[in-house]
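The values are calculated or read from the model by the stated rules, or taken from the named source; none is laboratory data. Note that this is a predicted model, so its numbers are computed, not measured. Neighbour counts are summed over all protein chains in view; Cβ atoms, including those assigned to glycine, are modelled from backbone coordinates with ideal geometry.
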Amino acid sequence: MKYAEEFRDPVAARALLAEIARVSDQIGATAEKPIHIMEICGGHTHAIFRYGLDKLTPPGIEFIHGPGCPVCVLPMSRVDECVELAEQPGVIFTTFGDAMRVPGTRKSLLQAKADGADIRMVYSPLDALELARRNPDREVIFFGLGFETTTPSTAFSIQQAAAEGLENFSVFCNHITVPPPIKALLDDPHMVLDGFVGPGHVSMVIGIHPYDFIARDYGKPIVVAGFEPLDLLQSVLMVLQQIREGRAEVQNQYARVVPEHGNPASLAAIEDVYTPRPSFEWRGLGEIDASGLRIRDSYARFDAEVKFGIGYAAGPRHVEEVEGCECGAVMTGRIKPTGCPQFGRGCTPEMPLGALMVSSEGACAAYYQYGGARAPEAAE
């Protein structure tokens, strides 16, 4: 297959859906007793809703939306710290666009920008590096955010800053890793999960073997998937086939993009620049051991937390969620977005209370944009 259209072929989709229905019948999956499949990545959640796969698959398949949206799992305290950094005199604060509208306890970065802070949206940490070159009298901070997908680009930028001696460049590091929260969910006795659709972009960097523990220790199948409709349908079928056959393996549906052992150059950069934090707070999951990355001491001069004495360098702090906002429960798959009392009422894309309604990978945004889901009174 060479073109995107081939991964959206309706004839092939119908064949896959028929096979999914056949296998789900064989394993006794029904609406009353469904198979619970968690798609870890928020990009998969949006694809499922964009193409209506939740409606096309049999009622015995229940999609559970996982914590694979890095903006969404960022605790409000870290947003507050972004605002504090951005409001420092002489600072140019740079960030990806997804994070601009995420609310903190006082304001979002967008509101801080409106109040006079010099906050600029960038498409890459290399843009932040260029700003540092052009503004040697200003401190340029890049908001390092994301899973293993974006972690290497930040690492390469720090290495480049070190090579050039750009001492006015630093990173507020909020990079996190996928496997630890999945383990936390599997250890939760209240979670019912039968299998996983694994993240494609993350796996391009780390490969497929970091998920071995899911199959080995918990007996759950996981299939790393691409992002087109046929990718997702084939991955769901592969999960169901493993369940039918009593297998639990890590399979790679996205082999055209994901190498078994990941990207060596990216992994080497990550190892050089970062070290695991003892723990990191996740929205909805709390503190998870070794789930976040910090910048190594050898690159401490590029660490905004160290340079400005903020964040974990000053000691972790916890901020309570907005009353009535169920971002944590949605993020961990305990409820659907429509189960949040604020969904479509106090929380909309125009006036979000939580990151899940803002991010391009947020489950609430997917329900609102593609699912036709509204609060009951808004739908009337």
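A few notes on this one:
- Of the helices (runs of 4 or more DSSP H) lying entirely inside region 26-125, those carrying at least 2 residues that are closer than 23 Å to GLY292 by Cβ are 42-50, 76-86.
- A single member of GLY42, GLY97 is over 16 Å from VAL236 (Cβ atoms), modelled with pLDDT under 95, in contact with a strand residue (DSSP E or B) (Cβ under 8 Å, 6 or more places away or on another chain) and not assigned by TED's automatic domain parsing to the domain that holds THR149, and it is GLY42.
- Output for region 332-362, where each listed residue is modelled with pLDDT under 80 and within 13 Å of PHE49 (Cβ to Cβ): SER360, GLU361
- Look at (1) modelled with pLDDT of 80 or more; (2) under 14 Å from ARG283 (Cα atoms) and you find that ALA365 fails only one, number (2).
- Residue match in region 287-308 (condition: of a type in the set (Gly, Ala, Ser), in contact (Cβ under 8 Å) with a residue 12 or more places away in the chain, in a helix (DSSP H, G or I) and not assigned by TED's automatic domain parsing to the domain that holds LEU356): yes
- Those residues of region 195-216 which are touching a residue at least 40 places away in the same chain (Cβ under 8 Å), over 18 Å from the mean Cα position of the chain (by Cα) and surrounded by 21 or more Cβ atoms within 10 Å (Cβ to Cβ), in sequence order: GLY195
- Helices (runs of 4 or more DSSP H) fully within region 142-225 counting 2 or more residues that are at pLDDT below 95: 179-186
- If the condition is being in contact with a Lys or Arg (Cβ under 9 Å, 6 or more places away or on another chain) and more than 21 Å from ALA355 (Cα to Cα), then region 80-114 contributes GLY90, VAL91, ILE92.
- The residue that is farthest from the chain's Cα centre (by Cα), among those in region 229-252 that are in a loop (DSSP other than H, G, I, E, B) and not charged (D, E, K, R), is GLY246.
- In this structure, GLU148 qualifies as surrounded by 20 or more Cβ atoms within 10 Å (Cβ to Cβ) and within 30 Å of ILE61 (Cβ to Cβ).
- All positions within region 227-282 that are over 25 Å from ASP9 (Cβ atoms) and of a type in the set (Val, Ile, Thr): ILE243, VAL250, ILE270, VAL273, THR275
- Of the residues LYS183, LYS220, the single one that is among the charged types (D, E, K, R), farther than 22 Å from ARG296 by Cα and either touching a Leu at 6+ places or on another chain (Cβ under 9 Å) or crowded, with 22+ Cβ neighbours inside 10 Å (or both) is LYS220.
- Out of ALA265, ALA255, ALA269, sole residue that is part of a loop (DSSP other than H, G, I, E, B) and of a type in the set (A, V, I, L, M, F, W, C): ALA255
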